[in-house]
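Here is the structure we will look at.
The values are calculated or read from the model by the stated rules, or taken from the named source; none is laboratory data. Worth saying up front: this structure is predicted, and the values here are computed from it rather than measured. FYI the Cβ positions are ideal-geometry reconstructions off the backbone, even for glycines, and counts take in every protein chain you see. When the accessible area is computed, the model is the full protein with side chains, heavy atoms only, and any ligands, DNA or RNA have been set aside. Shrake-Rupley method; radii C 1.70, N 1.55, O 1.52, S 1.80 Å.
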Amino acid sequence: MICPYCNIRMEKGYLQAGQIMLWAKKKHKVSLLPREGDVLIAKDYLCGVAPEAYICKPCKMVVVSYASTEVK
Ligand SMILES: [Zn+2]
């Protein structure tokens with residue numbers, strides 16, 4: 001993956017959180033349970049989530065695809 005900001009090759013790794021990772025329109029204050037309009041990136045109550053992610057260290061940018069971790 002190429003960084004959309006500086007066009008150098010990004011480094012592949014994993015973005016890790018607790019048991020849930022989501023994109024939220026408004027910041028959650030208590031639980032991370034997704035609300036309407038939120039996008040659940042990954043959910044794993046056993047091991048914690050770690051979706052594949054690419055990083056550009058000079059730009060301090062991380063790009064995450066949630067296609068492979070989408071909850072069916
Ligand atoms: Zn960059």
Original post:
Consider A50 against the criteria (1) part of a loop (DSSP other than H, G, I, E, B); (2) within 14 Å of the ligand (Cβ to nearest atom): it satisfies all of them except one. Which criterion is unmet?
Top reply: (2)
Original post:
Does I2 satisfy the criteria of being without any contact (Cβ under 8 Å) to a residue 40 or more places away in the chain, more than 16 Å from the ligand (Cβ to nearest atom) and open to solvent by less than 100 Å² (accessible area, probe 1.4 Å)?
Top reply: no
**OP:** Filter the stretch 30-44 down to the residues that are open to solvent by 100 Å² or more (accessible area, probe 1.4 Å) and either within 16 Å of the ligand (Cβ to nearest atom) or modelled with pLDDT under 90 (or both), then identify the one that is farthest from R9 (Cα to Cα).
**Re:** V30
Subject >> Conditions (1) within 24 Å of M1 (Cβ to Cβ); (2) in a loop (DSSP other than H, G, I, E, B): number failed by I41 >> reply: (2)
Original post:
Which number in (1) more than 15 Å from the chain's Cα centre (by Cα); (2) surrounded by fewer than 13 Cβ atoms within 10 Å (Cβ to Cβ); (3) without any contact (Cβ under 8 Å) to a residue 40 or more places away in the chain; (4) at negative phi marks the one condition that Y14 misses?
Top reply: (1)
